[in-house]
1. I need to check one value: relative contact order of chain B, counting alpha carbon pairs closer than 8 Å and at least 6 residues apart, in percent.
2. Among the listed pairs B:Lys113/B:Lys151; B:Lys42/B:Lys137; A:Lys258/A:Lys279; A:Lys2/B:Lys47; A:Lys119/A:Lys201, which have their C-alpha atoms separated by more than 28 angstrom in this model?
3. With springs only between Cα atoms under 10 Å apart, run a GNM on chain B and tell me which of B:Gly148, B:Gly207, B:Gly63 wobbles the most.
4. Just the Cα atoms of the stretch A:263-348: what Rg and Dmax do they give in Å?
5. Is the shape of the stretch A:157-210 best called rounded, prolate or oblate, per the rule: a/c under 1.5 gives rounded, else a/b larger than b/c gives prolate, else oblate, with a ≥ b ≥ c the square roots of the Cα gyration tensor eigenvalues?
6. Tell me, which residues of the stretch A:294-324 get at least 50 Å² less accessible area when the other protein chains come in, versus the chain alone (1.4 Å probe)?
7. Accessible area lost on pairing A with B, both sides, 1.4 Å probe, Å² to nearest 100?
8. Would the stretch A:368-417 count as rounded, prolate or oblate if I go by the C-alpha gyration tensor, calling it rounded below 1.5 in a/c and otherwise prolate when a/b exceeds b/c, oblate otherwise?
Amino acid sequence: MKLLASIALALLQARRKQSLIAAIGVTFGITMFIALLGFMTGLNKMLDGLILNRTPHVRIYKEVTVNPNQPISQWLRSTNNYHFIESVKASNSRVEILKSNEILSSLSKDNRILGYSRKLSSPAFFNLGSIDIAGFLNGIDVEEEVKYYKFKDYVTSGKPIDIKNVPNSIILGKPLAEKLLAEIGDNIQITTSMGDRFQLKVVGYYQSGIADFDKTQSFTSIATTQKILGKGPDYLTDIQVKLKDILLAPTIAGEYQKKFNTNAIDIQRANAQFETGTKVRNIISYAVGITLLIVAGFGIYNILNMMIYEKMDTIAILKATGFSGNDVKLVFIIISLTIGIVGCIAGLLFGFLFTFFISTIPFNTDALPTIKTYPVSYNPFFYFIAFCFSLITTFLAGWFPANKASKIDPVEIIRGK
Amino acid sequence: MSTNVLKAINITKHFYDPIDVKVLDNVNIDVNRGEFVSLVGKSGCGKSTLLYILSTMDRVYEGQLFIDNELMSSKNGADLAHVRNEKIGFVFQFHYLLNEFSVLKNVMLPALKLNRFSPEEIEHRAIQKLELLGINKLALRNAGQISGGEKQRVAIARALINDPLIIMGDEPTGNLDLRNSQIVFDTFKQLAEEFNQTLLIVTHDLGFAEKTHRIVEMEDGKIIRS
Ligand SMILES: Nc1ncnc2c1ncn2[C@@H]1O[C@H](COP(=O)(O)OP(=O)(O)OP(=O)(O)O)[C@@H](O)[C@H]1O
Ligand SMILES: [Mg+2]
């Protein structure tokens, strides 16, 4: 094997230029493959992040529903008749999660969970002179929210922690703040749905990139919201769970729904569409990358065919002196793999550099306040796939010429002189 | 001293392209250990064809071929390659060295393939063979940078490297001038005399043939003298 490798190397050296060009073909293919996938995936991740960062893997909440035990159905139970009358409305249903403490303590014991954040949402009116702007007040635990939902990335001015540290403070969605003419440090007034009024100090702006959403949102600490609503410290409307494995979300959501006797929705159900775009972009990247590699494969095929044609004498003499057809085949496969591997390693390197270069190009958009340059991904999986695929292509590109070489009849060559 | 090295029984060979031609017709030949045999005959009588069959490179023929008392026709390609590697040394009319390698590496290659000795040992032996042929000073030259006569001697050294049972040559002096032919012939003679090397050499040169132990003569695909 070592001997065959040294023969392969000698043949390669004799055809240095062509071998180099063939290797550059592979390098080019791999570079493009890596850069393209890195770039596409970076964009995908960013776009997914818009949803994923804000969407809990499993959201536990309480849906306002009509009581399923209507009096009329009690009365009709013994008969087979169907009733059309519904009279008891949902007036007394509550929006908070019952026994939230018990749920939280059971969640912290579940080791499939990365963490959770508590939330308390309530509609509210922001008062601008005599006009009221409808919106939402979100009581959040800043630390949890920063840790699991990248809250910090979306607070474009001010410090998120201030809503915890400064009493009666609020972070407003940027467009909402602009509408209210509220600068940081100003006081604004809100009215709850019960009609209570409250003064809050603006400590920051929030910008998620989705303007319609930002127009209506505001954030305070959980305690502040509870105080505004006049509720106790257990009063929560949402528990947002982040899982270690997002794929388990549907199972776990179903489980919680039963276990806690409340509602739970998983991210896959909440955002069914977001995966489609990702898939299409991935398919495009792989298709382009693989096409480039196949083209590179033809380059190798060509150089090997040429080499075999030129090295007929060498092949004949190797066979005459005791190298078998298989040995000859191996020599040419080694040549092809060497070209492939060298080209591939260079390609991986250049691909990495190219990806890095893309990541330094400025990319500013209002919708994405946290992003200053093009997003890229350095997922090692792409490098692995590129490596495997270039090995397969070069092996196949080498296989056919090598097979031809192994079948060369030395008698014909020696006689033909 | 009559151990059989090579035995061919009723070898018949046809070429079908363009028309059916019987190139070899029931050829029988025996070579014993230590014999220096020359194979002569008019151009086109089938000498090369016979030699390619005897050397196991051509596998399409009728009849039986024994090398070292083993039947060759029952072996597959890889086994035959091994037989060539171990038991047969070749010298062709055209030198057929590998220009990608040095002279020394050219001589070493068949031994590296055989893998009987360590690479250091093989190198040592290769230098010995080059010394025997008086060309050890060329060892590190590239195979493409030496003269035709020198190339042919390198080819002989290569044929010798595995101490083969028999050396076969197809007009090894056919492409050389008188002086170089003489050197090559003397080398063969020395191998036969001093090292008891078995040789089967195809030649046109009757002067050459007369100095060998035995002459086998062919005509129209048949042996007419042996
Ligand atoms: N591949 C082939 N197809 C058809 N006929 C062939 C083929 N190879 C050789 N022949 C014919 O076979 C006959 C024997 O050829 P061979 O090369 O064995 O002769 P030779 O005795 O070595 O001649 P020379 O002394 O010129 O080398 C010739 O008539 C040649 O034309
Ligand atoms: Mg001939």
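1. Rounded, it is 30 percent for chain B.
2. The answer is B:Lys42/B:Lys137; A:Lys258/A:Lys279; A:Lys2/B:Lys47.
3. B:Gly207
4. Gyration radius and largest Cα-Cα distance of the stretch A:263-348: 23.2, 80 Å.
5. oblate
6. Buried-area filter returns A:Ile317, A:Ala320, A:Thr321, A:Gly322.
7. Adding both sides of the contact gives about 2100 Å².
8. Here the stretch A:368-417 falls in the prolate category.
The values are calculated or read from the model by the stated rules, or taken from the named source; none is laboratory data. In this text, all values refer to a predicted model and were calculated from it rather than measured experimentally. Glycine also receives a Cβ, built like all others from the backbone with ideal geometry; neighbour counts cover every protein chain displayed. Ligands, DNA and RNA are excluded from the accessible area calculation, which covers all protein heavy atoms including side chains. Shrake-Rupley method; radii C 1.70, N 1.55, O 1.52, S 1.80 Å.
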